[in-house]
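A.B. asks: I have a structure I would like to understand better, so I am pasting it below and will then ask my questions one at a time.
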């Protein structure tokens with residue numbers, strides 16, 4: 001079976017709270033932290049059969065050559081990135097490159113994303129391998145959604161090696177998913193559910209060791225929404 005080229009794209013944050021554009025000028029960095037969701041998904045690709053590249057549009061522009069190289073473009077977005085996702089999808093459609101979308105925004109608004117080809121919703125540890133298998137065989141479905149929440153310990157070590165680390169103010173890691181509360185401004189319970197689930201110490205140390213071995217000596221941001229939930 002021929003190699004597939006998978007381009008992982010993190011759409012751009014507009015100038016906003018989430019973009020931190022003005023604050024980043026003071027520390028001479030391009031982005032606060034890397035797209036952890038995409039890096040985690042990158043770790044779910046088998047070691048053989050796929051060529052991976054990552055473009056964080058908050059660090060580097062997405063070029064036409066990037067899109068032409070790809071057999072598919074994989075995105076993960078929050079709601080604030082939706083316009084950039086629409087723009088990326090339009091460029092990919094013009095080039096004939098399918099778009100696979102996941103993350104908080106597609107999970108909450110899947111019925112509004114007719115401009116993407118495939119949706120992998122929610123936590124994808126239990127569904128992404130099925131999508132990849134179907135994609136390789138040319139039988140990929142429009143929507144993949146597996147309701148049962150996965151064991152967080154099944155999550156792979158994120159592919160930090162795909163990053164230009166010097167562009168970021170800090171690295172990111174996740175210890176837990178899920179929150180028992182119901183804040184009206186937050187969609188985390190829709191994505192991760194209400195029962196907190198945690199990684200074990202071995203898994204966390206593996207992530208920290210990976211960052212250290214790659215030469216990272218800066219800050220580390222734990223992205224947990226409710227660390228003591």
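A.B. asks: Of all residues in segment 108-127, which are touching a residue at least 60 places away in the same chain (Cβ under 8 Å) and surrounded by fewer than 21 Cβ atoms within 10 Å (Cβ to Cβ)? Before you say what the answer is, go through the steps one by one.
C.D. replies: Step one: of segment 108-127, the residues touching a residue at least 60 places away in the same chain (Cβ under 8 Å) are 108, 122-125.
Within segment 108-127, 108, 125 meet the criteria.
A.B. asks: Would you mind stating whether residue 173 is touching a helix residue (DSSP H, G or I) at 6+ places or on another chain (Cβ under 7 Å) and either free of Cβ contacts under 8 Å to residues at least 60 places away in the same chain or more than 28 Å from residue 97 (Cα to Cα) (or both)?
C.D. replies: Values: touching a helix residue (DSSP H, G or I) at 6+ places or on another chain (Cβ under 7 Å): yes; either free of Cβ contacts under 8 Å to residues at least 60 places away in the same chain or more than 28 Å from residue 97 (Cα to Cα) (or both): yes.
Yes, satisfied.
A.B. asks: Something else now. Go through (1) within 17 Å of the chain's Cα centre (by Cα); (2) surrounded by fewer than 16 Cβ atoms within 10 Å (Cβ to Cβ); (3) modelled with pLDDT of 95 or more; (4) farther than 28 Å from residue 24 by Cβ and name the single condition residue 164 misses.
C.D. replies: Just one mismatch for residue 164, condition (4).
A.B. asks: Ok, one more. Scan 40, 15 and give me the residue that is farther than 23 Å from residue 161 by Cα and either in contact (Cβ under 8 Å) with a residue 24 or more places away in the chain or touching a helix residue (DSSP H, G or I) at 6+ places or on another chain (Cβ under 9 Å) (or both). Full working, then the answer.
C.D. replies: Numbers: 40 fails: farther than 23 Å from residue 161 by Cα.
15 is the lone residue from the list that is farther than 23 Å from residue 161 by Cα and either in contact (Cβ under 8 Å) with a residue 24 or more places away in the chain or touching a helix residue (DSSP H, G or I) at 6+ places or on another chain (Cβ under 9 Å) (or both).
A.B. asks: Under 7 Å between Cβ atoms, which residue pairs at least 6 apart in sequence (or on different chains) link something in segment 131-154 that is farther than 15 Å from residue 99 by Cα with a partner that is loosely packed, with under 13 Cβ neighbours inside 10 Å?
C.D. replies: Partner pairs satisfying both residue conditions: 153/200.
A.B. asks: Here are some residues: 101, 95, 65, 90. Which one is in contact with a helix residue (DSSP H, G or I) (Cβ under 8 Å, 6 or more places away or on another chain), surrounded by fewer than 20 Cβ atoms within 10 Å (Cβ to Cβ) and at negative phi? Full working, then the answer.
C.D. replies: On the way: 101 fails: surrounded by fewer than 20 Cβ atoms within 10 Å (Cβ to Cβ); 65 fails: in contact with a helix residue (DSSP H, G or I) (Cβ under 8 Å, 6 or more places away or on another chain); 90 fails: in contact with a helix residue (DSSP H, G or I) (Cβ under 8 Å, 6 or more places away or on another chain).
Of the residues listed, the single one that is in contact with a helix residue (DSSP H, G or I) (Cβ under 8 Å, 6 or more places away or on another chain), surrounded by fewer than 20 Cβ atoms within 10 Å (Cβ to Cβ) and at negative phi is 95.
A.B. asks: In segment 191-225, which residue that is under 21 Å from residue 149 (Cα atoms) and in contact with a helix residue (DSSP H, G or I) (Cβ under 8 Å, 6 or more places away or on another chain) is surrounded by the fewest Cβ atoms within 10 Å (Cβ to Cβ)?
C.D. replies: 200
A.B. asks: Just to verify a result, which residue in segment 25-37, among those that are surrounded by 17 or more Cβ atoms within 10 Å (Cβ to Cβ) and in contact (Cβ under 8 Å) with a residue 60 or more places away in the chain, is farthest from residue 188 (Cα to Cα)?
C.D. replies: Initial filter on segment 25-37 (surrounded by 17 or more Cβ atoms within 10 Å (Cβ to Cβ)): 29, 31-37.
Keeping just the survivors that are in contact (Cβ under 8 Å) with a residue 60 or more places away in the chain gives 29, 31-34, 36-37.
Details: 29: 28, 31: 23, 32: 21, 33: 19, 34: 19, 36: 15, 37: 14 Å.
Here the residue is 29.
The values are calculated or read from the model by the stated rules, or taken from the named source; none is laboratory data. Just so we're clear, the structure is a prediction, and the values are computed from it rather than from any experiment. Backbone-built Cβ (ideal geometry, glycine too); neighbour counts: all protein chains shown.
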